[in-house]
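Participant: Okay, handing you the structure first.
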Amino acid sequence: MALLKIARMGHPVLARRADPVEDPTDPLIHLLVNDMIETMHDASGIGLAAPQVHVPKRVVVFYVPPSRTDDNDGVALTVLINPVIEALTEDMSLGVEGCLSVPGMAGRVPRYTKIRYSAMLPNGEQLIREADGYHARVVQHECDHLDGILYPMRMEDLSSFGYSDELQKAEQEGETETDDG
Ligand code: NI
């Protein structure tokens, strides 16, 4: 296990389309996944995509804290290999996002409110899930990394883009806490 260096916005590895993984059961992929999980927890993030650790492959790890789901169950740590997202609605909602590759900053980003996603798991099985709300947001954020897209590129109103501590000071109420993914 090893902590990996996190690429920051501006590094070319974050701007390119990542390559598909040929064999999800490859021990080298499992090593990468384990290091990504350790790196994500060390950085206090809730999601991490392989390009963020300078590996241009279609691999994502994430979890959803219990406080971020209506049923308070959260979503357990999940590994997605070659994920594909399908929007199940045209409805989008704005929510605050942060990113380990854009440290210290946050902004309001529109995301589909309901999606279906499928992916390969490290054991070679296929995962298919539906997600809404924050869960759907996290998956869309992480999978965007695989296509070279960072959340500021999704923002329609850059007036809400700023340093997260300043934004939290400015907001009187509501969910101002930001997770990094
Ligand atoms: Ni991110």
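Participant: I'd like to check something: does segment 42-52 contain any residue that is closer than 26 Å to GLN168 by Cα, within 16 Å of the ligand (Cβ to nearest atom) and among the acidic types (Asp, Glu)?
Facilitator: Yes: one or more hits.
Participant: Which one of the conditions (1) in contact with a helix residue (DSSP H, G or I) (Cβ under 8 Å, 6 or more places away or on another chain); (2) of a type outside the set (Val, Ile, Thr); (3) under 22 Å from HIS11 (Cα atoms) does ASP73 fail to meet, given that it meets all the rest?
Facilitator: With respect to (1) in contact with a helix residue (DSSP H, G or I) (Cβ under 8 Å, 6 or more places away or on another chain); (2) of a type outside the set (Val, Ile, Thr); (3) under 22 Å from HIS11 (Cα atoms), ASP73 is out only on (3).
Participant: When only residues in segment 44-89 that are touching a residue at least 24 places away in the same chain (Cβ under 8 Å) and of a type in the set (S, T, N, Q) count, which is farthest from GLU22 (Cα to Cα)?
Facilitator: Looking at the filtered set, the residue picked out is THR69.
Participant: Within segment 77-88, can one find any residue that is in contact with a strand residue (DSSP E or B) (Cβ under 9 Å, 6 or more places away or on another chain), charged (D, E, K, R) and within 13 Å of the ligand (Cβ to nearest atom)?
Facilitator: Looking for residues that are in contact with a strand residue (DSSP E or B) (Cβ under 9 Å, 6 or more places away or on another chain), charged (D, E, K, R) and within 13 Å of the ligand (Cβ to nearest atom), one finds none in segment 77-88, hence no.
Participant: Can I ask one more? When you look at GLY148, is it within 13 Å of the ligand (Cβ to nearest atom), of a type in the set (Gly, Ala, Ser) and in contact (Cβ under 8 Å) with a residue 60 or more places away in the chain, yes or no?
Facilitator: Criteria met by GLY148.
Participant: Across segment 32-89, which residue is farthest from CYS143 (Cα to Cα) among those that are surrounded by fewer than 18 Cβ atoms within 10 Å (Cβ to Cβ) and in contact with a Ser or Thr (Cβ under 7 Å, 6 or more places away or on another chain)?
Facilitator: Here the residue is THR89.
Participant: I would also like to ask the following. In segment 76-181, which strands (runs of 3 or more DSSP E) lie fully inside it and hold 1 or more residues that are out of contact with any helix residue (DSSP H, G or I) (no Cβ under 7 Å at 6 or more places or on another chain) and closer than 19 Å to MET9 by Cβ?
Facilitator: Those strands (runs of 3 or more DSSP E) span 92-97.
Participant: Then there is this: Counting only residues that are within 15 Å of LEU121 (Cβ to Cβ) and in contact (Cβ under 8 Å) with a residue 12 or more places away in the chain, how many does segment 25-42 have?
Facilitator: 8
Participant: In segment 107-134, what residues are surrounded by 21 or more Cβ atoms within 10 Å (Cβ to Cβ) and more than 18 Å from VAL64 (Cα to Cα)?
Facilitator: GLY107, MET120
Participant: Do the conditions hold for VAL102, that is, is it under 15 Å from LEU146 (Cα atoms), hydrophobic (A, V, I, L, M, F, W, C), out of contact with any Phe, Trp or Tyr (no Cβ under 6 Å at 6 or more places or on another chain) and at pLDDT 95 or above?
Facilitator: When the stated conditions are applied, VAL102 does not pass them.
The values are calculated or read from the model by the stated rules, or taken from the named source; none is laboratory data. Owing to the predicted nature of the structure, the values given are computational and were not obtained by experimental measurement. Ideal geometry is used to build each Cβ from the backbone, glycine not excepted, and the neighbour counts take in all protein chains shown.
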